[in-house]
Amino acid sequence: MASPSNTTMEDLKTLILAVDSKVNKFNEKLDTIENKFSNLVQEVKQDVKQVKLEVSETGQALKELRQDHDELQRGVEAMELNVQSLEVEKFESMRQSFETDVKNLKEKQLLLEKHDRKYNALVYGMPEKSDENIWKVIDDLMINYLKMEKPKAESFPFANAHRIPARQNSGEKKRPNPIIIRFIHYADKELFLSHGSHLAGKNIRIVDDLPPCMKEARNELAKIAYKIRSDEKLKNTHSSLRSHCDP
């Protein structure tokens, strides 16, 4: 039978060996855990590095995208300016073309109206009566004022003739309304107008019937001519007076 001391030593030894074995196993497990943790840390570091790289790449992509957006915005603005410029040029071209067309149409209309009036003559200043016979008035004009032979005057074939209501200025003595005469033959109208020189010194005048704008131009020219004649007459009068006053 073993002694108690020997038994105790054996048990203690066994216990120490068991503890040492457990410590070794614990160390092994700890090493395993440490390795796993180290690997996990490495993986996390790799993931963080990858995330940083992806974030950096994303930031670069965003920067490039922003630059592309800015360039696109500038391109759009430039295109808008070009479009506006083209629209302005197109509008100006259309406006000029429209004005040219309108001008051409007005000229054509003026020529057509002038052609339509070529057989007409206007008589201004011929005395007017409330119950007058317009044909007798025209006969009187042609025979007594224009000094045309009666048979010739009575042979003229007229298409129409009548008075035209004229605008009267307030406070001014009422003037006779003008007479418009439409001839059938253009040569008859020209012959009629050619006798207008017999109206010199009278308040009666005969003229071609023209479109309104041409009438206005003719009236302005008549005013200028009248002023020139008046100035010339006044100048001649002054010269005559000076010659009489000279010793």
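A short reminder: the numbers here are calculations on the coordinates, not readings from a lab. The structure displayed is predicted, hence computed values, not measured ones. Reconstructed Cβ throughout: ideal geometry from the backbone, glycine too, with neighbour counts over all protein chains shown.
Determine the gain in length on full extension of the stretch Asn39-Ile228; use 0.36 nm per residue of separation and subtract their C-alpha separation, reporting nm with one decimal.
56.2 nm
Percent relative contact order of the chain, based on C-alpha pairs within less than 8 angstrom and at least six residues apart?
Details: 139 pairs, mean separation 47.7, N = 247.
Averaging sequence separation for qualifying contacts and normalising by length gives 19 percent for the chain.
Would you mind checking Lys106/Lys189; Lys108/Lys173; Lys63/Lys90; Lys136/Lys173; Lys150/Lys202; Lys108/Lys174 for any pair whose Cα atoms are more than 31 angstrom apart?
On the way: Lys106/Lys189 26 Å; Lys108/Lys173 39 Å; Lys63/Lys90 40 Å; Lys136/Lys173 25 Å; Lys150/Lys202 21 Å; Lys108/Lys174 36 Å.
Where the Cα-Cα span goes over 31 Å, the pairs concerned are Lys108/Lys173; Lys63/Lys90; Lys108/Lys174.
Quick one: plug the Kirkwood hydrodynamic radius of the range 61-116 (C-alpha pairs) into Stokes-Einstein at 37 °C, 0.692 mPa s, and report D in µm²/s.
219 µm²/s
If you scale each eigenvalue of the Cα gyration tensor by 5 and take the root, what three semi-axes come out for the chain, rounded to whole angstrom and sorted largest first?
The three semi-axes for the chain are 129, 25, 16 Å.
Multiply the residue separation of Val76 and Asp101 by 0.36 nm, subtract the distance between their alpha-carbon atoms, and state the gained length in nm to one decimal.
Working: separation 25, 0.36 × 25 = 9.00 nm, distance 3.61 nm.
Extra length available between Val76 and Asp101 comes to 5.4 nm.
Students often forget the sequence filter, so: which lysines lie under 21 Å Cα-Cα from Lys29 once same-chain residues fewer than 8 apart are removed?
none
Determine which lysines satisfy two conditions relative to Lys25: a Cα distance under 24 Å, and not lying fewer than 8 residues away in the same chain.
Lys13, Lys36
Taking the Cα-to-Cβ direction at Glu128 and at Gln109 and moving 7 Å from each Cα, how far apart do the two end points lie in nm?
According to this spin-label approximation, the distance is 2.8 nm.
Between Glu64 and Glu89, what FRET efficiency comes out of the Förster formula 1/(1 + (r/R0)^6) with R0 = 45 Å and r the beta carbon distance, rounded to 0.05?
Once rounded, the FRET efficiency stands at 0.80.
Principal axis extents for the range 118-209, Cα atoms only, whole Å, descending order, please.
41, 27, 25
How much mean residue ellipticity at 222 nm does the chain get from its helices, if each DSSP H run of length 4 or more adds -39500 (n - 2.57) and you divide by all residues, to the nearest 500 deg cm²/dmol?
Value at 222 nm, helices only, nearest 500: -25000 deg cm²/dmol.
Apply the Karplus parameterisation 6.51 cos²θ - 1.76 cosθ + 1.60, with θ equal to phi minus 60°, to every residue of the range 133-142 and state each ³J(HN,Hα) to the nearest whole Hz, in sequence, with x for glycine and proline.
9, 4, 6, 5, 4, 5, 4, 4, 4, 5
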